[in-house]
Amino acid sequence: MTHLVSVLVPVAVAGAYTYSSERPLAPGTIVAVPLGPRITLAAVWPGEPGGVDPKRVRPVAHVFDAPPLPETLIRFVDWVARYTLTPPGMVLRMVLRVPAALEPEKPMTGIRLAGPPPARMTEARRKAIEAAADGLAWSKSGLAAAAGVSPGVIDGLLDHGTFERVTIPQRPIAAALDPGFDRPDLSAPQRAAADALVEAARAATFSVSLLDGVTGSGKTETYFEAAAETLRRGKQVLILLPEIALTLAFLDRFASRFGSRPAEWHSEVPPRLRERIWRGVAQGEVRAVVGARSALFLPFPDLGLIVVDEEHEAAYKQEEGVLYNARDMAVVRAQLSGFPIVLASATPSVETWVNARAGRYRHLRLPARFGGASAPEIRAIDLRADPPERGRWLAPPLVEAIAQTLAAGEQTLLFLNRRGYAPLTLCRTCGHRMACPNCSAWLVDHRFRRILACHHCGHEERRPETCPHCGAADSLVACGPGVERLHEEAVERFGDARVLVLSSDLAGGILRMRQEFEAIERGEIDIVIGTQLVAKGHNFPGLSLVGVVDADLGLANGDPRAAERTFQLLTQVTGRAGRAGQKSRGLLQTYAPDHPVLRAIVAGDREAFYEEECTVRMRGGLPPFGRLAAILVSADDRASAEAHARAMARAAPPAEGVRLLGPAEAPLAVLRGRHRFRLLVQAKNSAILHDWLGTWLAGAPRTRGSVRIAVDVDPISFL
C-alpha cells in the first residue's frame, strides 16, 4: 500500500511537498527525497498531504535509520520560520547541517598480533612484530609509524596470518558527567541564587531567570548548580556562549565541577567530531553541550535546561541566512518544551532588564565580587585637557599608570575596538583614500600581515609603494590607530615589557588564541592590547589596570543601540581588572566625559544608565517599548536597488500603529558588490508588526533580475 506523506525540504519554499512511501512515516522521520534532478535530505513534516495527483507524486528515496526529530524541535522550526518570515525549509537546513551523522558510524578497524611469525623474516617485519608485541590493537598507520616501516610491511604480515584485523570500539564522545563531583563553596548571594535556579530545574516547567551579577561575582559556578540538578534528573543541558574563544577556559571550569568536559559545538569543531556529536545528541548519549548559537538547533530529545551566558552579546544575532537572535529563540525553545532557561550577564540587555523589572523574568542578583574582591576604580581622562603627544595615542595619565603597574609586577590591558594598524590609508599628495573595490568602506592597514584588508567582504591586497591614483612615491600615510599601532607605541615606550596583541583576525585561529589566553593567565605577558575579544568572560588574575584608548568610539554613530553597547562593552572590559582581589583601576580616554554613558560607568551607577536608556527608548517607541523590522533591498546596480525599494514603499498599506521609514541608502551602501537600500518598519507590538509585514510583503512587487530582499525582524545591526 502506498502512503502519502508531507516532507519539508531544506530549500526556500513556502511549505512541505508531497511524496509517497511504502510504509507510514511519522513526523520528524529523516528521509532523502528527489528534488528536481538531485536527491536531497529532508524530514517528514506534520500536516495532511494533498492537492497533488497521485500519479505525479514521487516516492521517498531513502529512510534514514536515525531517531526522528523531536516533536518540540519541529514546532520550534515552524515558530522560528513564522517569526523571522523565513521559509521553514531554510530553518530546517540549520537542523540537518551534518548529513553524514545520519549514517551508521563506521567501525574502526585495528591490527594486532595473532599468529606465528612468517617463514621469511626481514628486519622490517621483525620491527613490526616487536612493536605489536604488547598484544594491543593498533591502527595500520600507527603501527607502521611506531615500527618505522611502510604500511606494505603490515599488509604482508596480515596476509601471512601473523597479524589479524579486529574491530576497535569508538571512543565515547563525552565522558560521563557527575553532578556531585566537586560541589563548590558558594557565597551567601551565590547560594541564594543557586537555590532558586535548582528549584526552577526541579519544577521542570517553563521559567526565565536573569542571573544578574557584577563581573567576577561567580555567575558560572552559580548556574552550574542548576545544570547539576538537571543532569541528576536525567535531562540534557545546553549552555550557549557568544565566542568560540571563551570555550577552552569554560570547558576546564565545567570539567572541574562535573569531572569531565561536555561536548563542544561550534564552527571550529572538526567535521568527523561534529557528526559524532550530532548523532550522540540525537540518541541522548551526549548529556551536556557547550556551544555557539547554532547549537540551539541540535536535535535534543530530552533537553531540560538552557543557559545563555553573556546574554547581552550581539554575537548571538545571526546576520546571514536565517536572521534570528539566539537568546530570544532560546527562550522560545524553552517555552515550547516546558523547561527553565537562565540568562546570565553582568550587563543585561535593555530588553532583558525590562522583562526582569516587569516581573516576567525572575531577577537573581549577585551584587559583589566573589571572595570579597573589590571592583576597579573607574576614572575618565579628559583628552581635551590631557591629550596624547602628537603622533601618539596614549595620554600622559594612562602612560604614567602603565609605568606604575609594570613597576608593581602587574598586568595592563589596553582596549581599542579597532583591528589592524590603522582604519584608513590616504595619499598626502592627492588625498586619495585606499578603498575596497567591492564595498563602500576604507581598507584597513594590517602591518603584521603586510596587507590592506576590507573587514566587510574579506578583500585583501598588498600595500602599494606608490599612490595608485597620482603615482606619488612614499606618500601613503596611516590615519588613526588600531591595536597594531598601539602595539608599536607600547613597545617604543615600554621596551622591556612583554607586549601581546589579541585580535580575532591574526593568524593561528582559535588554537593560537587559546594559547595566548593561557599565557596571560600564567603572567607571561605584561601589556595586553586587544579588541572586544578581551571583554568577554576572561579571567586574568594578574590584571590590575585597564586603559580604554577611545571610549567615544562606539558612541559616534546613529545606531539606536549605541549607548547600550558602549555601556556594556566598557563595563565588561574594565571588569577584567582586579579579579584576584588586588586593587585595580580603569582609565577611560574620552573627549566627552560628561556623556551620560560615561558618567554612569565612572560613578558605578548602573541603574541610572538603564533608567535613562529606557526613558529615551520609550519616548521613541524603540525596543522593548515597540518593535522594529528592517527590510534590506540589494541589487548589482544602484538604480535597480533604489527603484525596487521605492516601489515597495509605495505598496505599503496604511495601518494604525505602524510607521514605515525610508527607503534610504544603507550606511554601508555597497557590500560585496551589491548596492543596498534600507526600509525600517516601526510598530507598537510584535503582533501588529507581523500582521502588517505579512500583508505588505504579499502585495509588494516581485523581485526581478539581481534584486534581492532580506527581512530582519528585531534588527541589531543598522549598517
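From the residues in the range 348-393 that are farther than 26 Å from residue 314 by Cβ and hydrophobic (A, V, I, L, M, F, W, C), which one is modelled with the lowest pLDDT?
Checked the range 348-393; the qualifying residue modelled with the lowest pLDDT is 373.
Out of everything in the range 351-391 that is more than 28 Å from residue 544 (Cα to Cα), in contact (Cβ under 8 Å) with a residue 60 or more places away in the chain and not in a strand (DSSP E or B), what residue ends up being most open to solvent (accessible area, probe 1.4 Å)?
Ranking the candidates gives 360 first.
For the range 91-126, which residues satisfy the criterion of being among the charged types (D, E, K, R) and surrounded by fewer than 16 Cβ atoms within 10 Å (Cβ to Cβ)?
Going residue by residue through the range 91-126, those that are among the charged types (D, E, K, R) are 93, 97, 103, 105-106, 112, 120, 123, 125-126.
The answer is 97, 103, 105, 106, 120, 123, 126.
List the residue pairs whose Cβ atoms are under 6 Å apart, where the first residue sits in the range 95-113 and is under 25 Å from residue 295 (Cβ atoms), the second is polar (S, T, N, Q), and the two are 6 or more positions apart or on different chains.
The qualifying pairs do not exist here.
Considering only residues of the range 184-215 that are without any contact (Cβ under 8 Å) to a residue 60 or more places away in the chain and open to solvent by 70 Å² or more (accessible area, probe 1.4 Å), which is farthest from residue 260 (Cα to Cα)?
Checked the range 184-215; the qualifying residue farthest from residue 260 (Cα to Cα) is 188.
Any idea which residue in the range 1-46 is modelled with the highest pLDDT, counting only those that are touching a His at 6+ places or on another chain (Cβ under 6 Å) and in a strand (DSSP E or B)? So that I can check it myself, show each step before the final result.
Here is the first cut: in the range 1-46, the residues touching a His at 6+ places or on another chain (Cβ under 6 Å) are 21, 24, 32.
If we keep only those that are in a strand (DSSP E or B) as well, we get 21, 32.
Numbers: 21: 88, 32: 94.
Here the residue is 32.
Considering every residue within the range 241-251, establish whether at least one is touching a Ser or Thr at 6+ places or on another chain (Cβ under 6 Å) and of a type in the set (Val, Ile, Thr).
no
Being open to solvent by less than 70 Å² (accessible area, probe 1.4 Å), small (Gly, Ala, Ser) and more than 22 Å from residue 18 (Cα to Cα) is the requirement here; does residue 50 meet it? Reasoning before the result, please.
Working: open to solvent by less than 70 Å² (accessible area, probe 1.4 Å): yes; small (Gly, Ala, Ser): yes; more than 22 Å from residue 18 (Cα to Cα): no.
Against the criterion (open to solvent by less than 70 Å² (accessible area, probe 1.4 Å), small (Gly, Ala, Ser) and more than 22 Å from residue 18 (Cα to Cα)), residue 50 does not qualify.
When the range 195-220 is examined, which residues are found to be out of contact with any Gly (no Cβ under 9 Å at 6 or more places or on another chain) and of a type in the set (S, T, N, Q)?
Of all residues in the range 195-220, those out of contact with any Gly (no Cβ under 9 Å at 6 or more places or on another chain) come to 195-200, 202-203, 207-213, 217.
Result: 207, 209, 217.
Collect the residues in the range 676-700 that are under 21 Å from residue 635 (Cα atoms), crowded, with 17+ Cβ neighbours inside 10 Å and either out of contact with any strand residue (DSSP E or B) (no Cβ under 9 Å at 6 or more places or on another chain) or not hydrophobic (A, V, I, L, M, F, W, C) (or both), keeping them in residue-number order.
676, 678 - these are the residues of the range 676-700 that are under 21 Å from residue 635 (Cα atoms), crowded, with 17+ Cβ neighbours inside 10 Å and either out of contact with any strand residue (DSSP E or B) (no Cβ under 9 Å at 6 or more places or on another chain) or not hydrophobic (A, V, I, L, M, F, W, C) (or both).
Which one is surrounded by the most Cβ atoms within 10 Å (Cβ to Cβ) among residues in the range 407-447 that are within 29 Å of residue 571 (Cα to Cα) and over 34 Å from the mean Cα position of the chain (by Cα)?
Taking the candidates together, the pick is 408.
Out of the residues in the range 643-660 that are open to solvent by less than 60 Å² (accessible area, probe 1.4 Å) and part of a strand (DSSP E or B), state the one that is farthest from residue 717 (Cα to Cα).
Here the answer is 658.
Output the number of the condition that residue 406 fails; it satisfies all remaining conditions of (1) touching an Asp or Glu at 6+ places or on another chain (Cβ under 8 Å); (2) part of a helix (DSSP H, G or I); (3) closer than 27 Å to residue 85 by Cα.
Tallying (1) touching an Asp or Glu at 6+ places or on another chain (Cβ under 8 Å); (2) part of a helix (DSSP H, G or I); (3) closer than 27 Å to residue 85 by Cα, residue 406 fails exactly one: (3).
Only residues that are surrounded by fewer than 21 Cβ atoms within 10 Å (Cβ to Cβ) and not aliphatic (A, V, I, L, M): list them for the range 258-276, please. Outline the logic, then answer.
Our first condition is that a residue be surrounded by fewer than 21 Cβ atoms within 10 Å (Cβ to Cβ); within the range 258-276, this holds for 259-261, 266-275.
Result: 259, 260, 261, 266, 267, 268, 270, 271, 272, 274, 275.
Of the numbered conditions (1) farther than 17 Å from residue 547 by Cα; (2) in contact (Cβ under 8 Å) with a residue 40 or more places away in the chain; (3) not hydrophobic (A, V, I, L, M, F, W, C), residue 659 satisfies every one except a single condition; which is it?
(2)
Among the numbered criteria (1) free of Cβ contacts under 8 Å to residues at least 24 places away in the same chain; (2) closer than 23 Å to residue 274 by Cα, which one does residue 36 miss?
Here residue 36 meets the rest and fails (2).
Filter the range 448-476 for residues that are open to solvent by less than 40 Å² (accessible area, probe 1.4 Å) and either among the aromatic types (Phe, Trp, Tyr) or within 17 Å of residue 418 (Cβ to Cβ) (or both) and give the result.
Within the range 448-476, 451, 452, 453, 454 qualify.
List the pairs whose first member sits in the range 224-240 and is under 25 Å from residue 294 (Cβ atoms) and among the basic types (Lys, Arg), whose second member is open to solvent by 10 Å² or more (accessible area, probe 1.4 Å) and part of a strand (DSSP E or B), and whose Cβ atoms are under 8 Å apart, counting only residues at least 6 apart or on separate chains?
235/303
Do you know which of the residues in the range 698-711 that are over 16 Å from residue 646 (Cβ atoms) and aliphatic (A, V, I, L, M) is farthest from the chain's Cα centre (by Cα)?
Across the range 698-711, the extreme among qualifying residues is 698.
Checking the conditions here, which among 342, 332, 307 is closer than 30 Å to residue 411 by Cβ and either assigned to a strand (DSSP E or B) or open to solvent by less than 20 Å² (accessible area, probe 1.4 Å) (or both)? Reasoning before the result, please.
Values: 342 fails: closer than 30 Å to residue 411 by Cβ; 332 fails: closer than 30 Å to residue 411 by Cβ.
307 is the lone residue from the list that is closer than 30 Å to residue 411 by Cβ and either assigned to a strand (DSSP E or B) or open to solvent by less than 20 Å² (accessible area, probe 1.4 Å) (or both).
Only residues that are out of contact with any Leu (no Cβ under 9 Å at 6 or more places or on another chain) and open to solvent by 10 Å² or more (accessible area, probe 1.4 Å): list them for the range 242-256, please.
242, 244, 246, 248, 249, 252, 253, 255, 256
Pairs, please: C-beta under 7 Å, at least 6 apart or cross-chain, first residue at pLDDT 85 or above and in the range 116-131, second open to solvent by 100 Å² or more (accessible area, probe 1.4 Å) and not small (Gly, Ala, Ser)?
118/160
For the range 674-712, give me each residue that is in contact (Cβ under 8 Å) with a residue 60 or more places away in the chain and in a strand (DSSP E or B).
682, 708, 709, 710, 711, 712
Please go through the range 248-293 and give me each residue that is of a type in the set (Val, Ile, Thr) and within 20 Å of residue 341 (Cβ to Cβ), ordered by number. Outline the logic, then answer.
Filtering the range 248-293 down to residues of a type in the set (Val, Ile, Thr) leaves 269, 277, 281, 286, 289-290.
281, 286, 289, 290 - these are the residues of the range 248-293 that are of a type in the set (Val, Ile, Thr) and within 20 Å of residue 341 (Cβ to Cβ).
Please go through (1) among the polar types (S, T, N, Q); (2) without any contact (Cβ under 8 Å) to a residue 40 or more places away in the chain; (3) more than 28 Å from residue 104 (Cβ to Cβ) for residue 267 and return the number of the only condition it doesn't satisfy.
(3)
Using beta carbons and a limit of 6 Å, which pairs, at least six apart or on different chains, have the first residue in the range 1-17 and without any contact (Cβ under 8 Å) to a residue 40 or more places away in the chain and the second one loosely packed, with under 12 Cβ neighbours inside 10 Å and part of a loop (DSSP other than H, G, I, E, B)?
These pairs meet every condition: 3/24.
Look at the range 144-178 and say how many of its residues are over 40 Å from the mean Cα position of the chain (by Cα), touching a residue at least 24 places away in the same chain (Cβ under 8 Å) and open to solvent by less than 40 Å² (accessible area, probe 1.4 Å).
Residues of the range 144-178 that are over 40 Å from the mean Cα position of the chain (by Cα), as a first pass: 144, 146-166.
If we keep only those that are touching a residue at least 24 places away in the same chain (Cβ under 8 Å) as well, we get 149-150, 153-154, 156-158, 160-166.
When the remaining residues are screened for being open to solvent by less than 40 Å² (accessible area, probe 1.4 Å), the result is 149, 153-154, 156-158, 161-163, 166.
Summing the residues that are over 40 Å from the mean Cα position of the chain (by Cα), touching a residue at least 24 places away in the same chain (Cβ under 8 Å) and open to solvent by less than 40 Å² (accessible area, probe 1.4 Å) in the range 144-178 gives 10.
The values are calculated or read from the model by the stated rules, or taken from the named source; none is laboratory data. All figures in this text were calculated on a predicted structure; none of them were measured in a lab. Neighbour counts are summed over all protein chains in view; Cβ atoms, including those assigned to glycine, are modelled from backbone coordinates with ideal geometry. Ligands, DNA and RNA are stripped out before the accessible areas are found, and what is left, the full protein with its side chains, is counted by its heavy atoms. Shrake-Rupley method; radii C 1.70, N 1.55, O 1.52, S 1.80 Å.
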